[in-house]
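*Asks:* So that we are looking at the same thing, I have put the structure below in C-alpha cells.
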Amino acid sequence: MIILSNIHKLYDGTSATSRSIHERVDMWIDDGTIKAVSPHNTARPFGSDVHRIDCSAYTVTPGLIDCHGHVTLWGVGNDEMDRMNSPEAPFWAERILYRTLVHGGVTTLRDVGGATGVLKRLVDQGVVLGPRLKLAICMLSTTGGHADFRGPDRCCGDLSRLWPPGPGRPSGIVDGPWECRKRVRE
C-alpha cells in the first residue's frame, strides 16, 4: 500500500469548478489502484507494507487520457519502419508506452491507427508496461485520403507498409457518413 500524504492540491477531474480541487488530503493506492482519498491524517494505515510519500509541495491529478495517438509511429524514421512490423514491435512500443506516456501521467491511450490487438493483450497481461489501450485498429479516411494506401501515388508513401489491410485490420477507406459510422462500429 502507498499513501500519498498531505497532498497540497488534488484535482479529481470530475468538473472544471473549484469543487474538483481538494487540499491537504491523503490518497491511498493499493496494487496500482486508487482505493480512497481522505482528509490528511484522518485515517490510519494498517499492515507493515505501507509506504508513505510526502506530497505537501505537490499537485496531484489521477491519470490523464490521451485521445489521439499512434503508438507504433512515435519517433519512427524510415529506417525503423520494418522494425515496427516485426514480431518485436510491442517491445519497441513499450519504450514509448512506458517511458513517455506512463511517466508523463497518461493512464489511458486511444490509439487511432497503428497498434494491434497483440500489443493491447500484452499490456493487459502486464508483459508490456504501458497505459490502458483503446484501439481503433485502422485509420479512417475517404478515398484518396491519408488512409488510402493503394497505388503508387498513395498519400503517406512508405508509411503504408505499417498498415496493410488484412485479417483483423480492415481497410480504412470510408466514403460518406454512413460508411464511416458502420466502420467505427465494426
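*Asks:* In the stretch 165-182, how many residues are assigned to a loop (DSSP other than H, G, I, E, B) and modelled with pLDDT of 90 or more?
*Replies:* Total meeting the criteria: 3.
*Asks:* Which members of the stretch 123-137 meet the condition of being more than 14 Å from residue 95 (Cα to Cα) and not in a loop (DSSP other than H, G, I, E, B)?
*Replies:* 124, 132, 133, 134, 135
*Asks:* Could I ask something else about it? Which residue, of 33, 61, 72, is touching a helix residue (DSSP H, G or I) at 6+ places or on another chain (Cβ under 9 Å) and closer than 30 Å to residue 119 by Cα?
*Replies:* 72 is the lone residue from the list that is touching a helix residue (DSSP H, G or I) at 6+ places or on another chain (Cβ under 9 Å) and closer than 30 Å to residue 119 by Cα.
*Asks:* Check off (1) over 23 Å from residue 107 (Cβ atoms); (2) in contact with a Gly (Cβ under 8 Å, 6 or more places away or on another chain) for residue 41 and give me the number that stays unchecked.
*Replies:* Condition not satisfied by residue 41: (2).
*Asks:* Name every residue in the stretch 103-126 that is closer than 11 Å to residue 138 by Cα and among the polar types (S, T, N, Q), in order of residue number.
*Replies:* Scanning the stretch 103-126 gives a single hit, 116.
This table checks each residue for (1) in contact with a Pro (Cβ under 7 Å, 6 or more places away or on another chain); (2) part of a strand (DSSP E or B); (3) among the hydrophobic types (A, V, I, L, M, F, W, C); (4) surrounded by fewer than 14 Cβ atoms within 10 Å (Cβ to Cβ).
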{"residue": "15", "(1), (2), (3), (4)": "no, no, no, yes"}
{"residue": "19", "(1), (2), (3), (4)": "no, no, no, yes"}
{"residue": "23", "(1), (2), (3), (4)": "no, yes, no, yes"}
{"residue": "28", "(1), (2), (3), (4)": "no, yes, yes, no"}
{"residue": "38", "(1), (2), (3), (4)": "no, yes, no, yes"}
{"residue": "41", "(1), (2), (3), (4)": "no, no, no, yes"}
{"residue": "44", "(1), (2), (3), (4)": "no, no, no, yes"}
{"residue": "48", "(1), (2), (3), (4)": "no, no, no, yes"}
{"residue": "57", "(1), (2), (3), (4)": "no, no, yes, yes"}
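The values are calculated or read from the model by the stated rules, or taken from the named source; none is laboratory data. Since the model is a prediction, treat every value here as computed from it, not as a measurement. Virtual Cβ from ideal backbone geometry, glycine too; neighbours counted across all protein chains shown.
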